[in-house]
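The values are calculated or read from the model by the stated rules, or taken from the named source; none is laboratory data. All values derive from a computational prediction rather than experimental measurement. Please note: Cβ atoms are built from the backbone with ideal geometry, for glycine as well, and neighbour counts cover all protein chains shown.
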Amino acid sequence: MRLAALMLGMLSGAQAQARATVWIIPPPFDDGKNLRALFENPAEWAQTRRRIDGIGYADHWLNSQFSDAELRTWLPQIARWHLKFGLEVGALKPWGLTGDQAFAADRKKWDRFIADGAHLDEIAMDEPLAFARMRLRQSIEFAAEQTARFVTLVRQNYPAAKVGDIEPYPGIPSSETLQFIDEVQARLRGQGLRGLDFVRLDVDWMHFRPGDPIGQAGWQGVKQVEAECHRRGVKFSLVYWAADFPAQQRAGNATQTTWENGIMYEGSQYASVGGAPDEMMIESWLDTPDRAVPETEGGTFTRSVLDFTAQFAPGAGTGQ
């Protein structure tokens, strides 16, 4: 079934998504060994760099895993590769229960990175609506108010950075996500500020269930969110990851190719419903792939990116 779906989506996916930008976030486990490998072994993923547009990482992992000496060497290299640099950040988290609190904690990390030579191109807020609804048991209005406050502070202090929101699907109903986005946009525009630049869905496709009132729409539901974002003038971003890996790992069936099979499956499934995100984020927060390089060997993170972009984003890439 997976092979048939993959072949179905390849041609249409390659054509429809030729203009998407592609970002990568390697897995952060083992003290960031995968990100470190990218910087220490640039020759081992040179072709992959030409197929992507940006490198991202969670700000708390970047802050805790690497020294200033390392970051001063590596972060300026991103721009020399003609790539953009992005961060996943907390706008509502246990350590920041309001937009102001979260921003005050975050900016210390960002300023460190900038002092070490980073150019901060993109800031992606890690699921503020989901945190407010599922952890704080707060309203959509509360989440929108605090998120808009966080974005306001980002706009005032880091005006060149694009800012967007990440939310889970189908864990949060798309109707709530869209209502949240509308309320955030209204608050920002009411202050004369630019609204969100993008909305990114983190899709757990293992939880698509026929008859489930939240998950039954499946990939077609994701496509509807894409269309609604475009109708609102907001770019749509999609996380590509192996949602089946945890189950495969628990069952003892995970192999070095499970990760790549998973992202290729997601690519084919979304292309098969006409999905064409503006931004494709190939991202792992799992303990896989085990190695980042070389791109010439199967099972590495960069090889999976190279194979994925060849099929689903052949026109992407600004890197060197």
Result of the Cβ filter at 6 Å on segment 120-131, keeping first residues that are closer than 11 Å to Thr147 by Cβ and aromatic (Phe, Trp, Tyr) and partners that are buried (at least 24 other Cβ atoms within 10 Å of the Cβ) and modelled with pLDDT of 95 or more, at least 6 apart or interchain, is Phe131/Leu92
Pairing a residue in segment 138-162 that is on the phi < 0 side of the Ramachandran plot and of a type in the set (Phe, Trp, Tyr) with any residue that is crowded, with 17+ Cβ neighbours inside 10 Å and assigned to a helix (DSSP H, G or I), where Cβ atoms lie under 8 Å and the two sit 6 or more apart in sequence or on different chains, gives Phe142/Ala132; Phe150/Gly99; Phe150/Ala102; Phe150/Phe103; Phe150/Pro128; Tyr158/Trp110
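Restricting to segment 96-147, give me the number of residues that are outside any helix (DSSP H, G or I), within 26 Å of Met281 (Cα to Cα) and of a type in the set (Val, Ile, Thr). Step through it out loud before you land on a result.
At the first step, the residues of segment 96-147 found to be outside any helix (DSSP H, G or I) are 96-98, 116-127, 136-139.
Now restrict to residues that are within 26 Å of Met281 (Cα to Cα): 96, 116-127.
Within this subset, residues satisfying the condition of being of a type in the set (Val, Ile, Thr) are 123.
Total satisfying the criteria: 1.
Restricting the search to segment 223-263, which residues are over 22 Å from Val199 (Cα atoms) and not polar (S, T, N, Q)? If you could, list the steps in order and put the result at the bottom.
In the first step, residues of segment 223-263 are kept if they are over 22 Å from Val199 (Cα atoms); the result is 244-262.
Residues satisfying the conditions are Asp244, Phe245, Pro246, Ala247, Arg250, Ala251, Gly252, Ala254, Trp259, Glu260, Gly262.
Determine, yes or no, whether Leu188 is assigned to a loop (DSSP other than H, G, I, E, B), at pLDDT 95 or above and not β-branched (Val, Ile, Thr).
Numbers: assigned to a loop (DSSP other than H, G, I, E, B): no; at pLDDT 95 or above: yes; not β-branched (Val, Ile, Thr): yes.
Against the criterion (assigned to a loop (DSSP other than H, G, I, E, B), at pLDDT 95 or above and not β-branched (Val, Ile, Thr)), Leu188 does not qualify.
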Task: Residue match in segment 150-170 (condition: over 19 Å from the mean Cα position of the chain (by Cα), crowded, with 18+ Cβ neighbours inside 10 Å, of a type in the set (Gly, Ala, Ser) and modelled with pLDDT of 95 or more) - done: no
Restricting attention to segment 158-203, the residues that are over 30 Å from Tyr265 (Cα atoms) and among the small types (Gly, Ala, Ser) number exactly 6
- Task: Kindly establish whether Asp290 is in a helix (DSSP H, G or I) and acidic (Asp, Glu).
- Result: no
* To do: Please indicate, with yes or no, whether at least one residue in segment 265-275 is within 21 Å of Gly56 (Cβ to Cβ), under 16 Å from the mean Cα position of the chain (by Cα) and not in a helix (DSSP H, G or I).
  => no
Those residues of segment 148-172 which are part of a loop (DSSP other than H, G, I, E, B) and within 14 Å of Ile123 (Cβ to Cβ) amount to Tyr158, Pro159, Ala160, Ala161
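Residue by residue through segment 26-57, note down the ones that are closer than 14 Å to Ser237 by Cα and touching a Ser or Thr at 6+ places or on another chain (Cβ under 8 Å). Please lay out each step first, then the result.
Keep residues of segment 26-57 that are closer than 14 Å to Ser237 by Cα, which gives 53-54, 56.
Those that are closer than 14 Å to Ser237 by Cα and touching a Ser or Thr at 6+ places or on another chain (Cβ under 8 Å): Asp53, Gly54.
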For Pro277, the lone unmet condition from (1) over 23 Å from Ile78 (Cβ atoms); (2) touching an Asp or Glu at 6+ places or on another chain (Cβ under 9 Å); (3) in contact (Cβ under 8 Å) with a residue 24 or more places away in the chain is (1)
